[in-house]
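Student: Just dropping this structure here.
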Amino acid sequence: MTPPSLRKAAQRPRLVAVSNRVTHPRGAARGGGLAVALLDALRERGGLWFGWSGQISDHPDTRPAVVESGPIRLATMDLSQAEHDAYYNGFANRCLWPLFHLRLDLTAFDPQHYDGYMRVNRRLAGALWPLLQDDDLIWIHDYHLLPFAEALREQRAKQQIGFFLHIPFPVPEMLTALPHYRDLMRSLFSYDLLGFQTEDDVQRFRDCAVREFGAQLRGDTITAFGRRLTARAFPIGIDAREFAQIAGSPTAQQEFQRVRAHREDRTVIVGVDRLDYTKGIPERFRSVECLLDRYPDTHGQVELLQIAPTSRGEVPEYMAIRRELEQIAGNINGRYAQLDWEPIRYINRPLGRRQLAGIYRASRIGLVTPLRDGMNLVAKEYVAAQDPADPGVLVLSRFAGAARQMQSALIVNPYDNTAVADALQTARYMSLEERRNRHAALMRDLLRDDADAWREAFLEELQRCSAQREEPASPTAQAA
Ligand code: ADP
């Protein structure tokens, strides 16, 4: 008799996941939440994961390297140095990333980067095409691959193709500053389903489609360029149950003891981020400075533990933020430090998940203050790692996608140093009862809206979209 898990898999179309990087199942824990969620889906349905190998090669092969791992096939492509410079460091990370995070001042428009980005998308799509089956469900991830479906359709792909944007969608005024925005918007209409982190992102996409391209709206569906798609919010979750377990593991407990040792009753505030200008780390340091200025009882008593490993180190804007942070931390510590205490401790390297979980749990306050963020998983991990009997307090930026769901956190404006300082002081003196109540509300939602729920909601919707596609679309809305 066929086991139930295989019967279930047999009823579902095969999943083909495409993302910039592919994570081997052996490295799933290091690959983070997305890797784990995709691998679970691929294991359940059987499927293929396609993307860049992470390797640069002088003469990249035109065909993917394919590895089988149980029911999962991994197919990867190398990139040349020139491709990597234009597609990844250039257009994706120096143009789309800052633009979508509303940093027009840091956005570099370079036509050669754009050409390279389009070429890599087409080359990767051409390499995937021969591996596809007629009834595959194809799920493309993130801003590196916006035009991927269009490139597949040029190869005559008829499959259902969905896209999930992990970062925010910008306001139309920002997007239209991009010389190629028309082409990119048109290319998005090659998808059947567009998933965004929040309702606000969906709304901004709809506004842009209507204002710039005369798109027609009906419920969740949008018609333009002669195609109809569904656009909906699917806020990404974490495996909260597993993260809570990790926080009780021996490694996490060891880390917990290391943080608490020598600190007695001091309040540890933790910040954990990739070193990125969107994360608001300089503003966070300034808020701690403001806390020290406004509340003298914090002297010798409060410490910000900021863990921020370098990321995208080849991009000039990321080198600048690193220098800036070291300078601000140095100034604040110089001003306030005592013989046995420094207000800011700044660690510039990555840590393991178990270590992080222990540090989260040992910290009275989780300070998550991005200036703009698609979701922000650190906020969710901080809550999941807490001891429910004596939990810490999350102070969260209103500009993180997570703030939409996590209203029981203390929500702050990260640009307002005084308001953040006041929220930190409120968190310091919050009663045990209030901390427990807030934590319980946050945790209930995290357990319900976890990584499994996110991925299943997206894939179910993508399957549903196929029925809609059978109906004819309304008359073509012309591009402006
Ligand atoms: P982003 O995707 O922009 O980096 P998120 O907060 O959504 O931001 O996700 C960051 C992920 O990276 C989280 O899972 C977090 O645990 C992990 N991470 C962040 N900083 C570190 C660090 N110093 N060491 C290890 N992992 C980290």
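Student: Exactly which chymotrypsin sites (Phe, Trp or Tyr not before Pro) in segment 374-476 are in a DSSP loop and have at most 12 other Cβ atoms within 10 Å?
Tutor: Passing both the DSSP loop test and the Cβ count: TYR429.
Student: Determine, for each peptide in 364-377, 271-284, 301-314, the mean count of other beta carbons within 10 angstrom over its residues, then list the peptides with the highest first.
Tutor: The peptides rank, most packed first, as 364-377, 271-284, 301-314.
Student: Let me ask you something else. From the helices alone, meaning DSSP H stretches of at least four residues, give me the mean residue ellipticity at 222 nm for the chain, per-run term -39500 (n - 2.57), in deg cm²/dmol to the nearest 500.
Tutor: Rounded to the nearest 500, the figure is -12500 deg cm²/dmol.
Student: What's the local net charge at ASP452, with K and R +1, D and E -1, over the other residues with C-beta under 9 Å away?
Tutor: Result for the local shell: -3.
Student: Using the Cα gyration tensor of segment 243-392, with a ≥ b ≥ c the square roots of its eigenvalues, what is the shape: rounded (a/c below 1.5), prolate (a/b larger than b/c) or oblate (neither)?
Tutor: Because a/c hits 1.5 or more and a/b fails to exceed b/c, segment 243-392 counts as oblate.
Student: Another question about this same structure. Taking segment 107-143, which trypsin sites (Lys or Arg not before Pro) meet the DSSP loop condition and have no more than 16 other C-beta atoms within 10 Å?
Tutor: Of the trypsin sites (Lys or Arg not before Pro), not one in the loops of segment 107-143 has a Cβ with at most 16 other Cβ atoms within 10 Å.
Student: Using Cα atoms only, what is the angle between the long axis of helix 353-362 and the major principal axis of the chain, expressed in degrees (0 to 90) to the nearest 10?
Tutor: 40
Student: Rounded to the nearest percent, how much of the accessible area of segment 68-207 (1.4 Å probe, protein heavy atoms only) is carbon and sulfur?
Tutor: The C+S portion of the solvent-accessible surface of segment 68-207 is 48 percent.
Student: For segment 393-449 and segment 211-277, compute the distance between their C-alpha centroids and round to whole Å.
Tutor: One Cα centre to the other: 14 Å.
Student: Something else about it: Residue by residue through segment 48-60, what is 3J(HN,Hα) from phi via Karplus (6.51 cos²θ - 1.76 cosθ + 1.60, θ = phi - 60°)? Round to whole Hz and write x for glycine and proline.
Tutor: In residue order, the calculated couplings are 10, 10, 10, x, 6, 6, x, 9, 9, 9, 5, 10, x Hz.
Student: Against the longest alpha carbon principal axis of the chain, how many degrees, from 0 to 90 and to the nearest 10, is the axis of helix 417-428 turned?
Tutor: With both axes taken from Cα atoms, the answer is about 70 degrees.
Student: Over the chain, what is the mean sequence separation of C-alpha contacts under 8 Å (at least six apart), divided by residue count, expressed as relative contact order in percent?
Tutor: Taking the mean separation of contacting Cα pairs over the length of the chain, I get 15 percent.
Student: If you take every residue apart from ASN376 with its C-beta less than 12 Å away from the C-beta of ASN376, what net charge results, scoring Lys and Arg +1 and Asp and Glu -1?
Tutor: Residues near ASN376 contribute +2 overall.
Student: Quick one: go through segment 214-258 and flag any residue whose amide nitrogen is under 19 Å from the point 7 Å out along the Cα-to-Cβ line of ASP40.
Tutor: What the label zone holds, given the 19 Å backbone N cut-off, is 234-249.
Student: Quick one: which residues, 5+ away or cross-chain, put their amide H under 5 Å from the amide H of TRP139? H built at 1.01 Å from N.
Tutor: Here VAL16, ALA17, VAL18, GLY162 satisfy the definition.
Student: By the scheme Lys and Arg +1, Asp and Glu -1, what is the net charge of all other residues having a beta-carbon under 11 Å from that of PHE285?
Tutor: That works out to -2.
Student: Over the chain, what is the percentage of antiparallel beta bridges among all DSSP beta bridges, to the nearest 5?
Tutor: 20
Student: Residues of the chain: accessible area per residue at 1.4 Å, in Å²?
Tutor: 43
Student: Could you work out the relative contact order of segment 380-442? I mean the mean sequence separation of Cα pairs under 8 Å and 6+ apart, divided by the number of residues, in percent.
Tutor: 38
Student: Using the basic label-point model (7 angstrom from Cα toward the beta carbon), what is the ARG63 to ALA177 distance in nanometres?
Tutor: It is 4.6 nm.
The values are calculated or read from the model by the stated rules, or taken from the named source; none is laboratory data. Note that this is a predicted model, so its numbers are computed, not measured. Neighbour counts run over all protein chains shown; Cβ positions are idealised from the backbone, glycine included. Note: accessible area is taken over every heavy atom of the protein model, side chains too, but ligands, DNA and RNA are not part of it. Shrake-Rupley method; radii C 1.70, N 1.55, O 1.52, S 1.80 Å.
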